[in-house]
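Enquirer: Submitted below is the structure of interest, expressed as structure tokens.
The values are calculated or read from the model by the stated rules, or taken from the named source; none is laboratory data. No experiment lies behind these values; they were computed from the predicted model shown. Note: ideal-geometry Cβ built from the backbone for every residue, glycine included; neighbour counts use all protein chains shown.
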Amino acid sequence: MADAKRSKRFEILEKRPVHLDGFIGEWIEVGLYAMGSPQDPKPSIKIEGDKIVEMDGKSRGEFTMIEQFVADYAINVKNAREAMAKSETEIARMLVDINVSREECIKVFTALTPSKIARVMEEMNVVEMMMAMQKMRCRQTPANQAHVTSAKDHPVMLAADAAEATFRGFKEIETTVGVVRYAPFNALALLVGGQVGRRGTLSQDALEEAFELQVGMRGLTSYAETVSVYGTERVFVDGDDTPWSKAFLASAYASRGLKMRFTSGTGSEVQMGAAEGKSMLYLETLCVMVTKGAGVQGLQNGSISCIGVPAAVPSGLRAVTAENLITMCLDLEVASGNDQTFSHSDQRRTARTMPQFLPGTDWIFSGYSSTPNYDNMFAGSNWDISDVDDYLALQRDFKVDGGLRPVKEEDVVAVRNKAARAMQAVFAELGFPPITDEEVEACTYANGSKDIGDRNIPEDLKAAERLMKDAVTGVDVAKALAKRGFRDVAESIILMMRQRVAGDYLQTSAWVGSDGTVYSAVNDPNTYMGPGTGYKMSEERWEEIKAIPWAIRAEDV
Amino acid sequence: MKINPELLEKIVREVLAGMETEIETGGKSEPSLSNSSPSNPPLPASETVAGVQMTEKGPAARGTDPKEIVLAVSPAFATAFKTTIVDIPHSSVLRQVFAGAEEEGIHIRVIRVYHTADVAFMAHHAARISGSGIGIGILSRGTSVIHQRDLNPLSNLELFPQSPVIDLPTFRAIGKNAAKYAKGESPTPVPTNNDPMARPRYQGLAALLHNKEAGFQDRSKASQELSVSFE
């Protein structure tokens, strides 16, 4: 068969990076459908006494465990009749009306059923969703979270990268592993490096849930995020869990004075083959409500590791924007995704981030890869360290506070070096496999794990196991640092341990300032009600954002 | 590499066809617990895919031989599916895992797991009935885990979560390292391949494949011992 004559233009278009992305058609029956599936239930509510006896077309007897949990704990029955009586359009308009306060919107949203909430989102386009986010996010000042990982799980490199990330402005940092048994060292590296870069950094180790709780209780991490909830019973049960067991785990964190949030996202149920024919956004709405019902302060969503699924179907990235907004509307902290690769196209990558970047969220990324993506053990983030100057330029172009600041090379080299040396001191003091001066030097100047040597992994793994067996705590780490001349870093770690006792950072959407002050939705509440209100960038902060070091200064020409 | 549109279309058609049957027969089974899906045709108990013959021998039992590791595969492995997500034949996957273990003087017992399609739980289940306490789980698309009996199910010894980057040398190394753990050694973990662009290219397809794979689950069916012979 002779090949049909080809258009040169189409041949060029086919070679564009966007053609490497996976795009798939909608498939209603398995739930490969972003929002507003014909198989989603219709909103309804019936209340007897103070109990919901019918929700979204199902009677109480037919509820799944998720629906029962939501009906019993996530809907304010007192306001439900009035709220459900409003039309979806009316509620959507409240969100974009600058004369309607955040509090009024929350009063309505916390009294709606899952299907009703999902349908309100169907009434909105993305610009309206962004307008709503500006008002509905719970903390006024936006912030940002980074991933700090290493393909080699190299403890010195992790400490140096953690220091650089927090020095650049990331207030929370998160790690995970290539080899799971390295996890205790990764936690240690982020604790030490994170405090070197900025005193007050919150750090976490995304791993198996029992382990996460254990390192948190030891003071090696200061928060947790990877407590996953799902929208169908089958996926929940497959993970050996129920909403009640997750709520119990949440209370374990709270009782130890540890910040935590749940994680969910569109696409997870269909990815696991159990969406039961419902749209991704409807199932995600159930997840947000389970979080609310469990009494947890916040949620990481925005599809997260399943982003390739919603991004492959029509209106998928609109649904991802909507799920962040729903989280805000239920008065929860949102760590709004942007944390996983989903596209080869730089245009799509950037566009996907704008709905969170422009209006601002509690945590715009959850997180931004502070390493090259080849070192990102969350399988790559939507933005990595190579994109950081583009990010700084966007903050400056649009006068948007995206949570980062321009930095000087010599300052970054200095904090990386200090973190590497602090890690060397801790390893020496605790009797772990030595960190050589050459490793310190290499990690100070490296871009990624390709620029550094290999450690003796079996020896490191044995030592990491010993760290857990010997019950090393944050206090032991602080003692080791103080003994080896890193008194300031030791004090920072003690400051973080003190937060456990004070408990202030358990408030919604909290981060810790370098003087120990906690900023949250309580003392920094979002007051946006139109132009001239809400977050206002200070002169000082604007000067900082403006000062990208590579801009030509008029006085130098 | 491009996603094979024919394969994709075939999966969509097959699963859709299965669903129509379900609707026609009024198969309104409670989706939460008994999800032995009628959407897939029954699998043969014995199957030959280019170069490997696998026959079910009956329920898988707990082993006592400390020189064995148990490899758990999913129902669709080398039956409904013949290759991984990047078209590596399942027969070659098995050959390499076997070879890796044999180099260390450890033999592999293969079981087919029906009650879950979650690779962590498959591998943990394998470890629990393995004489050495070491198990491996492999999904049809290639996702793999090395597990140990006394770990939490969602923990592991080594995890290979990105199916598109698992090649034959990696499968051989998985067999070899699992065997070393069985002998009580502490091997250097198999180097992690990390391709940050695997998700954009493959996640949609992986979701389709998993929906198909999960359709063969049968929560009430015990794992089956397989005899495996290479030709």
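Enquirer: Just one of the numbered conditions (1) in contact with a helix residue (DSSP H, G or I) (Cβ under 9 Å, 6 or more places away or on another chain); (2) not in a helix (DSSP H, G or I) is not true of A:MET157; which one?
Expert: Of (1) in contact with a helix residue (DSSP H, G or I) (Cβ under 9 Å, 6 or more places away or on another chain); (2) not in a helix (DSSP H, G or I), only one is false for A:MET157: (2).
Enquirer: Pull up region A:1-34, narrow it to residues that are in contact (Cβ under 8 Å) with a residue 60 or more places away in the chain and acidic (Asp, Glu), then point me to the one that is surrounded by the fewest Cβ atoms within 10 Å (Cβ to Cβ).
Expert: A:GLU26
Enquirer: For region B:199-206, state whether one or more residues are more than 8 Å from chain A (Cβ to nearest Cβ) and surrounded by 20 or more Cβ atoms within 10 Å (Cβ to Cβ).
Expert: no
Enquirer: While we're looking at this one, here's another question. (1) farther than 26 Å from A:MET272 by Cα; (2) away from chain A (no Cβ under 14 Å): which one isn't true of B:ASP167, the others all being true?
Expert: All conditions are met except number (1).
Enquirer: Note down all Cβ pairs under 9 Å where the first residue falls in region A:376-390 and is on the phi > 0 side of the Ramachandran plot and at the interface with chain B (Cβ under 8 Å from one of its Cβ atoms), the second is assigned to a loop (DSSP other than H, G, I, E, B) and buried (at least 24 other Cβ atoms within 10 Å of the Cβ), and they're at least six residues apart or on different chains.
Expert: The qualifying pairs are A:ALA379/A:GLN340; A:ALA379/A:THR341; A:GLY380/A:GLN340; A:GLY380/A:THR341.
Enquirer: Which condition does A:ARG405 not pass, out of (1) of a type in the set (Lys, Arg); (2) in contact with a Cys (Cβ under 9 Å, 6 or more places away or on another chain); (3) not in a helix (DSSP H, G or I), if it passes all the others?
Expert: Single failed check for A:ARG405: (2).
Enquirer: Pairs please, first residue from region A:204-221 and over 17 Å from A:ALA335 (Cβ atoms), second anywhere and of a type in the set (Asp, Glu), Cβ atoms under 7 Å, 6+ apart in sequence or on different chains.
Expert: Cβ pairs passing all conditions: A:VAL215/A:ASP205.
Enquirer: Further question on the same structure: Identify the single condition in (1) buried (at least 23 other Cβ atoms within 10 Å of the Cβ); (2) more than 12 Å from chain B (Cβ to nearest Cβ) that A:MET354 does not satisfy, given that it satisfies every other one.
Expert: Here A:MET354 clears every test but (1).
Enquirer: Continuing with the same structure: Go through (1) surrounded by fewer than 24 Cβ atoms within 10 Å (Cβ to Cβ); (2) within 14 Å of chain B (Cβ to nearest Cβ); (3) in contact (Cβ under 8 Å) with a residue 40 or more places away in the chain; (4) of a type outside the set (Val, Ile, Thr) one by one and return the number of the condition A:ASP240 breaks.
Expert: (3)
Enquirer: Another one. When you scan region A:381-402, do you find a residue that is of a type in the set (Gly, Ala, Ser) and surrounded by fewer than 21 Cβ atoms within 10 Å (Cβ to Cβ), even just one? Walk me through it before giving the result.
Expert: Just the residues of region A:381-402 that are of a type in the set (Gly, Ala, Ser), to begin with: A:381, A:386, A:393, A:402.
Right, trim to surrounded by fewer than 21 Cβ atoms within 10 Å (Cβ to Cβ) and you get A:386, A:393.
Yes: one or more hits.
Enquirer: Residue check: is A:GLY403 away from chain B (no Cβ under 14 Å), within 15 Å of A:GLN145 (Cα to Cα), out of contact with any Gly (no Cβ under 7 Å at 6 or more places or on another chain) and of a type in the set (Gly, Ala, Ser)?
Expert: no
Enquirer: In region A:288-320, which residues are in contact with a helix residue (DSSP H, G or I) (Cβ under 6 Å, 6 or more places away or on another chain) and basic (Lys, Arg)?
Expert: Hit for region A:288-320 is A:ARG318, nothing else.
Enquirer: Could you list, in sequence order, all residues of region A:513-557 that are within 19 Å of A:GLY360 (Cα to Cα), among the hydrophobic types (A, V, I, L, M, F, W, C) and buried (at least 17 other Cβ atoms within 10 Å of the Cβ)?
Expert: A:ALA521, A:ILE545
Enquirer: Another question about this same structure. Just give me the residues in region A:346-398 being of a type in the set (Ser, Thr, Tyr), over 18 Å from A:MET328 (Cα atoms) and not in a strand (DSSP E or B), in sequence order.
Expert: If the condition is that a residue be of a type in the set (Ser, Thr, Tyr), over 18 Å from A:MET328 (Cα atoms) and not in a strand (DSSP E or B), then A:THR350, A:SER370, A:THR371, A:TYR374, A:SER381, A:SER386, A:TYR391 are the ones that fit.
Enquirer: Confirm whether A:GLU323 is within 14 Å of chain B (Cβ to nearest Cβ), among the charged types (D, E, K, R) and either in contact with a helix residue (DSSP H, G or I) (Cβ under 8 Å, 6 or more places away or on another chain) or surrounded by fewer than 24 Cβ atoms within 10 Å (Cβ to Cβ) (or both). Give the steps one after another, and end with the answer.
Expert: Details: within 14 Å of chain B (Cβ to nearest Cβ): no; among the charged types (D, E, K, R): yes; either in contact with a helix residue (DSSP H, G or I) (Cβ under 8 Å, 6 or more places away or on another chain) or surrounded by fewer than 24 Cβ atoms within 10 Å (Cβ to Cβ) (or both): yes.
No: the conditions fail for A:GLU323.
Enquirer: Still on this structure: Pick from region B:98-134 the residues that are in a helix (DSSP H, G or I) and of a type outside the set (A, V, I, L, M): which of them is surrounded by the fewest Cβ atoms within 10 Å (Cβ to Cβ)?
Expert: My answer is B:GLU102.
Enquirer: Looking at A:GLU90, A:GLU67, A:GLU103, A:GLU62 in this structure, which one is within 27 Å of the chain's Cα centre (by Cα) and exposed (fewer than 15 other Cβ atoms within 10 Å of the Cβ)?
Expert: One residue alone meets the criteria, A:GLU103.
Enquirer: Among the residues of region A:265-277, are any more than 14 Å from chain B (Cβ to nearest Cβ) and of a type in the set (A, V, I, L, M)?
Expert: no
Residues are listed down the side, and each one gets a yes or a no for (1) farther than 23 Å from A:TRP363 by Cβ; (2) in contact with a helix residue (DSSP H, G or I) (Cβ under 6 Å, 6 or more places away or on another chain); (3) surrounded by fewer than 24 Cβ atoms within 10 Å (Cβ to Cβ):
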| position | (1), (2), (3) |
| --- | --- |
| A:SER150 | no, yes, no |
| A:ALA163 | no, yes, no |
| A:THR166 | no, yes, no |
| A:LYS171 | no, no, yes |
| A:LEU191 | no, no, no |
| A:THR201 | no, yes, no |
| A:SER228 | no, no, yes |
| A:LEU249 | no, no, yes |
| A:ARG261 | no, no, no |
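Enquirer: Would a scan of region B:212-223 turn up a residue that is surrounded by 18 or more Cβ atoms within 10 Å (Cβ to Cβ) and either away from chain A (no Cβ under 11 Å) or over 26 Å from A:GLU29 (Cα atoms) (or both)?
Expert: Yes, that holds for at least one residue.
Enquirer: Taking region A:451-506 only, how many residues are hydrophobic (A, V, I, L, M, F, W, C), farther than 19 Å from A:ILE435 by Cβ and either within 27 Å of the chain's Cα centre (by Cα) or surrounded by 14 or more Cβ atoms within 10 Å (Cβ to Cβ) (or both)?
Expert: From region A:451-506, those hydrophobic (A, V, I, L, M, F, W, C) are A:452, A:457, A:461, A:463-464, A:467-468, A:471-472, A:475, A:477-478, A:480-482, A:486, A:489-490, A:493-497, A:501-502, A:506; that's our starting set.
Then drop every residue that is not farther than 19 Å from A:ILE435 by Cβ, which leaves A:468, A:471, A:475, A:494-497, A:501-502, A:506.
From the residues that got through so far, the ones that are either within 27 Å of the chain's Cα centre (by Cα) or surrounded by 14 or more Cβ atoms within 10 Å (Cβ to Cβ) (or both) too are A:468, A:475, A:494-497, A:501-502, A:506.
Count: 9.
Enquirer: Let me ask something else. Facing chain A (nearest Cβ under 7 Å), in contact with a strand residue (DSSP E or B) (Cβ under 7 Å, 6 or more places away or on another chain) and in a loop (DSSP other than H, G, I, E, B): which single residue out of B:ASN194, B:ASN156 fits that description? Quick ask: steps written out before the conclusion?
Expert: Values: B:ASN194 fails: in contact with a strand residue (DSSP E or B) (Cβ under 7 Å, 6 or more places away or on another chain).
So the residue among B:ASN194, B:ASN156 that is facing chain A (nearest Cβ under 7 Å), in contact with a strand residue (DSSP E or B) (Cβ under 7 Å, 6 or more places away or on another chain) and in a loop (DSSP other than H, G, I, E, B) is B:ASN156.
Enquirer: Only one of (1) modelled with pLDDT under 95; (2) outside any helix (DSSP H, G or I) fails for A:ALA224. Which number is that?
Expert: Unmet for A:ALA224, out of (1) modelled with pLDDT under 95; (2) outside any helix (DSSP H, G or I): (1).
Enquirer: Here's a check for you: in region A:230-285, which residue that is among the aromatic types (Phe, Trp, Tyr) and over 16 Å from A:TRP27 (Cβ atoms) is modelled with the lowest pLDDT? First the steps, then the outcome.
Expert: From region A:230-285, those among the aromatic types (Phe, Trp, Tyr) are A:230, A:236, A:244, A:248, A:253, A:262, A:282; that's our starting set.
Retained after the next criterion (residues that are over 16 Å from A:TRP27 (Cβ atoms)): A:230, A:236, A:244, A:248, A:253, A:262.
Values: A:TYR230: 95, A:PHE236: 88, A:TRP244: 96, A:PHE248: 96, A:TYR253: 94, A:PHE262: 97.
Residue satisfying both the conditions and the ranking: A:PHE236.
Enquirer: If a residue must be out of contact with any Asp or Glu (no Cβ under 7 Å at 6 or more places or on another chain), part of a helix (DSSP H, G or I) and within 14 Å of chain B (Cβ to nearest Cβ), how many such residues does region A:200-221 contain?
Expert: Total meeting the criteria: 5.
Enquirer: Suppose the filter is within 14 Å of chain B (Cβ to nearest Cβ) and at pLDDT 95 or above; does A:ALA183 pass it? Full working, then the answer.
Expert: Numbers: within 14 Å of chain B (Cβ to nearest Cβ): yes; at pLDDT 95 or above: yes.
So A:ALA183 passes the test.
Enquirer: From the list A:SER268, A:SER279, which one is touching an Asp or Glu at 6+ places or on another chain (Cβ under 6 Å), more than 24 Å from A:ALA510 (Cα to Cα) and buried (at least 24 other Cβ atoms within 10 Å of the Cβ)?
Expert: Being touching an Asp or Glu at 6+ places or on another chain (Cβ under 6 Å), more than 24 Å from A:ALA510 (Cα to Cα) and buried (at least 24 other Cβ atoms within 10 Å of the Cβ) holds for just one of A:SER268, A:SER279, which is A:SER279.
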